[in-house]
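Chemist: Supplied in structure tokens, the structure appears directly below.
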Amino acid sequence: MEEDNKPLLDSVRRGSYTDKGSTDSLDRGARRPFHVEHRNIVENDPSERVSAEASVLSSRVHYYSRLTAASDRLLSPPDHVIPCPEELYVYSPLGMAFKVTGGDGGAKNPSIITIFAIWNTMMGTSILSIPWGIKQAGFTLGIILLISMGLLTLYCCLRVLKSPKSIPYIDTSDWEFPDVCKYYFGKFGQWSSLLFSMVSLIGAMVVYWVLMSNFLFNTGKFIYNYAHNVSMSDTEFGTNGSERVICPFPDTGDHKGNCSSGISGLYLNNNNYYYYGNDTSDTAVFDRWWSKTNTIPFYLIILLLPLLNFRSASFFARFTFLGTISVVYLIILVTLKAIRLGFHLEFHWLESTQFYVPEFRLLFPQLTGVLTLAFFIHNCIITLMKSNKHQENNVRDLSVAYLLVGLTYLYVGVLIFAAFPSPPLSKDCIEPNFLDNFPSSDVLVFVARTCLLFQMTTVYPLLGYLVRVQMMSQVFGKHYPSFFHVFTLNIFIVGTGVCMAKYYPNIGSIIRYSGATCGLALVFVFPSLVHMISQKRRGELSWPSAIFHSLLIVLGVANVAGQFFM
């Protein structure tokens, strides 16, 4: 028996070849299972037999396994001898075989599915701030920056996608970009990539809390006004007609104090809206207990804090399709509003007027900060592309996905900016959340806010789960070390969201700060450094490549600095 299990080629006779072969012991071929003697296969038909081809492959694998020990790669079976993933079976001691389903071989998606998966993942809350960002940069410069940032972030994303393959002699098939950073930069790369990833996730959760407070406030206001027959009259801050557009926070006082005195029961509440109706005292009580910044952020704690403490987020993952529905509805809403409002554009290149902003403004870094987060998918792109059926098309599919994302942002941003009615309103009235430029009584906008509210309520626990898994696994080595640890982390996250929703509910600024900060490391610095180091180790680093990638790092630093000085 012992002689049957002894390899035919003894390790002594192989000499130095053993050490050389062991360096590649982690290659994917060494991890693939062997076929065993053919028996009955249990699939749909219990009497189904292993094919003749599989039987021949089984004999070949047994031949190779007898030549050397299992730990040696010198004479291990080549790839063409190992059965393909679709023909793998799990064998029981009784000689029965069960076909593997749902594994990597069965989870591959065609290119069209991969492209729209990336599009759906990138389409987040940033789409609501794109019109505001274009206003801050100027219409012409905003379009140029949107296209340029899309191309730059696409290139850096391609560098991230290819980074594991640039590491020789190591199996990187299950590596993520933080693993690549750890390989090149040690513990500093691992923890810094984790830190900046936390900035992007927690920043997104803060934006979600602010937006959920906003949407819940306007949804409740719509229902209350409809049930109590309360009408809003804020014409001094907006346009007249059926397609109302409002300016919630005008920069000057010229718009104030011009309301008609002929309306009885008119008053100004703490949200800058005028109401007239039969019972203003009840409305005042409602406004006191249903405030966008004073009460709503705290009401959300009752709903969302318990959801964050769930051990698994699989239940909420079932509702991710709502993101696609919400984005499609937003595109339809923007199209309808643009058709009904028409275009209102005048081009003033460097000087602003009463109703229009210049085409080039010094506030453009605010748009680049927003766009950095809008095009940010670098921390999960390797995982997304692993499910692509045709790996040779990864570059093409990722480029097409970025093209669709850029076109979506461009479509929404340009239409909202162009259709904003100027005059009578100034383009400077465009809000960081463009839905705030429509009154709560707008039915189409009410539907959009309700859909987004429900979608964000289901996505928020998923983001919290990602934060918990990444942080707890690195610090404690467990995804759920204890209820106390998880509850403390969730209290910090929720408290940050409540404070921002109460004291600084500007999603445009939150997005640009968090986007520029996380983008500094994960979009510009680490991908560029990893690429230059790998090229240098291969002796392929050229001066043009070094200058270009160094310039990308400088742009990332300037992007962060611009958020504080512009």
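The values are calculated or read from the model by the stated rules, or taken from the named source; none is laboratory data. All of these numbers come straight from a predicted model, not from anything done at the bench. With ideal geometry, Cβ positions are generated from the backbone for all residues, glycine too; neighbour counts draw on all protein chains shown. Note: areas computed on protein heavy atoms with side chains; ligands, DNA, RNA excluded. Shrake-Rupley method; radii C 1.70, N 1.55, O 1.52, S 1.80 Å.
Chemist: Only one of these conditions is not met by residue 169: (1) open to solvent by 10 Å² or more (accessible area, probe 1.4 Å); (2) more than 30 Å from residue 440 (Cα to Cα); (3) of a type in the set (Ser, Thr, Tyr); (4) in a helix (DSSP H, G or I). Which number is it?
Modeler: (4)
Chemist: Identify the residue in the range 121-166 that is part of a helix (DSSP H, G or I) and among the hydroxyl-bearing types (Ser, Thr, Tyr) and, among all such residues, is farthest from residue 322 (Cα to Cα).
Modeler: 166
Chemist: Within the range 140-170, track down each residue that is of a type in the set (Val, Ile, Thr) and without any contact (Cβ under 8 Å) to a residue 60 or more places away in the chain.
Modeler: 144
Chemist: Output the residue which, of all residues in the range 464-506 that are at pLDDT 90 or above and among the β-branched types (Val, Ile, Thr), is farthest from the chain's Cα centre (by Cα).
Modeler: Checking each candidate, the answer is 488.
Chemist: Kindly list, by first and then second residue, each pair from a residue in the range 229-245 that is farther than 16 Å from residue 444 by Cβ and assigned to a strand (DSSP E or B) to a residue that is at pLDDT below 70 and of a type in the set (Gly, Ala, Ser), limited to pairs with Cβ atoms under 9 Å and residues at least 6 apart or on different chains.
Modeler: Matching pairs, first to second residue: 231/277.
Chemist: Looking only at residues that are open to solvent by 20 Å² or more (accessible area, probe 1.4 Å) and more than 26 Å from the chain's Cα centre (by Cα) in the range 196-230, which one is modelled with the lowest pLDDT?
Modeler: 230
Chemist: Restricting the search to the range 532-555, which residues are open to solvent by less than 30 Å² (accessible area, probe 1.4 Å) and either at pLDDT below 95 or over 22 Å from residue 371 (Cβ atoms) (or both)?
Modeler: Listed by number, the residues that qualify are 532, 534, 535, 545, 546.
Chemist: Can you say whether residue 181 is in the same structural domain as residue 458 (by the TED database), in contact with a Gly (Cβ under 7 Å, 6 or more places away or on another chain), touching a residue at least 12 places away in the same chain (Cβ under 8 Å) and not hydroxyl-bearing (Ser, Thr, Tyr), as far as the supplied structure shows?
Modeler: It is true that residue 181 is in the same structural domain as residue 458 (by the TED database), in contact with a Gly (Cβ under 7 Å, 6 or more places away or on another chain), touching a residue at least 12 places away in the same chain (Cβ under 8 Å) and not hydroxyl-bearing (Ser, Thr, Tyr).
Chemist: Between 488, 458, 496, which is in contact (Cβ under 8 Å) with a residue 40 or more places away in the chain and more than 24 Å from residue 294 (Cβ to Cβ)?
Modeler: Exactly one residue qualifies, and that residue is 458.
Chemist: Ok, one more. Does any residue of the range 450-466 turn out to be part of a helix (DSSP H, G or I), open to solvent by 40 Å² or more (accessible area, probe 1.4 Å) and of a type in the set (Phe, Trp, Tyr)?
Modeler: yes
Chemist: Among the helices (runs of 4 or more DSSP H) confined wholly to the range 300-416, which include 1 or more residues that are out of contact with any helix residue (DSSP H, G or I) (no Cβ under 9 Å at 6 or more places or on another chain) and among the aromatic types (Phe, Trp, Tyr)?
Modeler: It comes to none.
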